[in-house]
């Protein structure tokens, strides 16, 4: 670490407090809000169908829930990996210091995982799980029998009440998902020492960028699943998701604009430093990747796709391109907040730089591993709990 | 002229070193110490500071602060205003550890002075507020401390401190139990609870750093705060610092 700091010291510009040479919240802390944002966004996609009765997106309902779960399971990894003393991580739940915004993390996380996602998935899948438990053999059958939690009742009454529970949990889940991620925004927005972070808008900006990234991820996974399974995509579903992506993008863009407008119009102490931060230090990651490639281009593409001049086959490619750019752009946003806020000195007179090590703790490699892990978990979940809308074997029998 | 200055500095250095031999390495206060009977405060008189950096060196020695130029419990800044130039020029080479080699042509300087910095031991400390496990806390005698056996190393406090007073003790630092935890100035808690001054105050050859007890009616620091026009850093943030400065411009932050 210390070797990197010597290099960083060579590139420090202006005057920074000597303790500010080191960027303390590394790329892992940028990855963390990115992942929770995907969780919240994916859950919101799922609730579109459940709460807002957007029937068109039904084919992605279960896929969105499984995506949320896969990413949620990995959400604490970057945090724990980043701690100086990971072995003391549980203290945050055992002896929380309640005046700290961060102390709630364990509870918010546990609530969302245990009280929302797992319950919703269990009751939504219960009927299928029972059927699988009765038909599957071997290890898979054993897993299903465990997942039934011993309840094999799938009569009309029981499935009806399952459905009711899922609806209630989704209604609780939507504000929970918003809270899970808005809360992360608050952790940054409440740091008054940092002019680039400190803003009451931060939780809302985080939330809308979360929706943007979550919808984009579910849409991309849905399109990819069509390829992998060799199945025609549901056009209505794909287009509707893309529309919601566009709407949340427009909200996200206007919020970001309000934030910047406020900064530049009020011109408080430190504005000169922020100007340099935006136009010089973060030129590539902020202006080029986040704003242009990650926001304006996808919005333009999505509007173009809406005009109806493109066939679905072309639209599909537009969506693939737009969602990929979105996912990159939202990660850039997390980067610009987390890393950007630490490049600027609290003296407002100078800047440090951030060097991302390729290997070791808090490195690019670790970051990539944590980023790929949810996709592997998702693949396993999809195998175990197929989220597809096909009629099951037993349903076919019923239909005949 | 220069040789006399050097001689004086050498004498002061020896005196400082001799006083450091009293250094008490244990971090815990003595048993018969009553922390409700004291309330500490700190005054920095920038009009006296000569930028010798002795305080920075004493602090690093006393408190096992790593010697690399990225970790400081206290440091000294040089603030310079040049003629025909807007805004101050600030630097702090190696935190002032090696003193300050001349940098500007004296003829173009309109004013300049040194500003020693350290933890402000705020009365409303954002670092204490944000610690998720309560490893950093305020003592009854007005000092903000970190429990190295408890800190999880999340570094939220480092982000929350507006003064850059905290750093993460490196994983190869000399004090094993403190590795990977947040570290900062303690006003030499192990010394002050035994009646000594903090190391930086002890070695300051010109009395630019003053440490005192506000509960003592005859205390020098208390008298200065009561009678002089003192300033704190970044007052707008509402942190209520307890390090008071004499003779700084409002731009100093």
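Read the figures in this text as sums done on the coordinates, not as results from a lab. Given the structure is predicted, the values throughout are model-derived calculations rather than measurements. Using ideal geometry, Cβ is built from the backbone for each residue, glycine included, and neighbour counts are taken over all protein chains shown.
Averaging 1/r over each pair of different alpha-carbon atoms in the range A:289-400 and inverting the result gives 18.4 Å, the Kirkwood hydrodynamic radius. Computed from the Cβ-Cβ distance with R0 of 60 Å, the FRET efficiency linking residue A:4 to residue A:137 stands at 0.65. Remark: A:347, B:227, A:95 ranked as B:227, A:95, A:347, counting other beta-carbon atoms within 10 Å and listing the fewest first. Using Cα springs under 10 Å in a Gaussian network model of chain A, which residue among A:182, A:150, A:294 shows the largest mean-square fluctuation? Residue with maximal mean-square fluctuation among A:182, A:150, A:294: A:150. Of the residues B:75, B:81, the one with the fewest other Cβ atoms within 10 Å heads the list, and the complete ranking is B:81, B:75. For the protein assembly as shown, a Kirkwood hydrodynamic radius built from all Cα pairs, placed in the Stokes-Einstein relation at 37 °C and 0.692 mPa s, yields a translational diffusion coefficient of 119 µm²/s.
Tilt of helix B:2-20 relative to the longest C-alpha principal axis of chain B, in degrees (0 to 90, nearest 10)? That works out to roughly 10 degrees.
When both the range B:53-95 and the range A:60-134 are represented by their alpha-carbon centers, they are found 45 Å apart. One equal scatterer on each Cα of the range B:2-246, no solvent, Debye formula: the resulting log10 I(q)/I(0) at q = 0.08, 0.12 Å⁻¹ is -0.31, -0.71.
Report note on the peptides B:66-73, B:150-157: ranked by the mean count of other C-beta atoms within 10 Å, highest first, their order is B:150-157, B:66-73.
Just the Kirkwood number for the range B:128-253, please: inverse of mean 1/r across all distinct Cα pairs, in Å, one decimal. Every distinct Cα pair counted, the radius reaches 16.4 Å.
Here the Debye sum runs over all C-alpha atoms of the range A:108-190 as equal scatterers in vacuum, and log10 of I(q)/I(0) at q = 0.14, 0.16, 0.21 Å⁻¹ comes out as -0.58, -0.68, -0.92.
As a rough footprinting exposure proxy, the listed residues A:275, B:178 were ranked by other beta carbons within 10 Å of their own, and the order from fewest upward is A:275, B:178. The angle between the Cα long axis of helix A:119-135 and the main principal axis of chain A comes to about 40°, on a 0 to 90 degree scale.
Within 10 Å of each Cβ in peptide B:125-136, how many partner chain Cβ atoms are there on average? Round it to a whole number, please.
Per residue, the number of nearby Cβ atoms from other chains is 6 on average.
Please work out whether the range A:1-121 counts as rounded, prolate or oblate from its C-alpha gyration tensor, where a ≥ b ≥ c are the square roots of the eigenvalues and a/c under 1.5 means rounded, while otherwise a/b larger than b/c means prolate and anything else oblate? Prolate, since a/c reaches 1.5 and a/b exceeds b/c.
Counting Cβ atoms of other protein chains within 10 Å of each residue's Cβ and taking the mean over peptide A:11-17 gives 4. With a ≥ b ≥ c taken as the square roots of the eigenvalues of the C-alpha gyration tensor of the range A:154-294, please select rounded if a/c is under 1.5 and otherwise prolate if a/b is larger than b/c or oblate if it is not? Oblate is the answer for the range A:154-294, as a/c is 1.5 or above yet b/c matches or exceeds a/b. Peptide A:97-108 is shielded by partner chain Cβ atoms: per residue, an average of 4 of them sit within 10 Å of its Cβ.
Each Cα pair under 8 Å and six or more residues apart adds its sequence gap; the mean of these over the residue count of chain A is a relative contact order of 30 percent.
Subtracting the Cα-Cα distance of residue A:228 and residue A:369 from 0.36 nm times their residue separation leaves 48.5 nm of extension gain. With the gyration tensor restricted to C-alpha atoms of the range A:145-211, the semi-axes of the equivalent ellipsoid amount to 41, 12, 7 Å, longest first. Would you mind checking the tilt of helix B:54-63 against the longest principal axis of the Cα atoms of chain B, expressed as 0 to 90 degrees and rounded to 10? For helix B:54-63, the angle is close to 20 degrees.
Taking the Cβ-Cβ separation of residue B:81 and residue A:292 as r and a Förster radius of 45 Å, what is the calculated FRET efficiency to the nearest 0.05?
Plugging the Cβ-Cβ distance into 1/(1 + (r/R0)^6) gives 0.65.
Spatial offset of the range B:196-224 relative to the range A:253-309 amounts to 50 Å, using the alpha carbon center of each.
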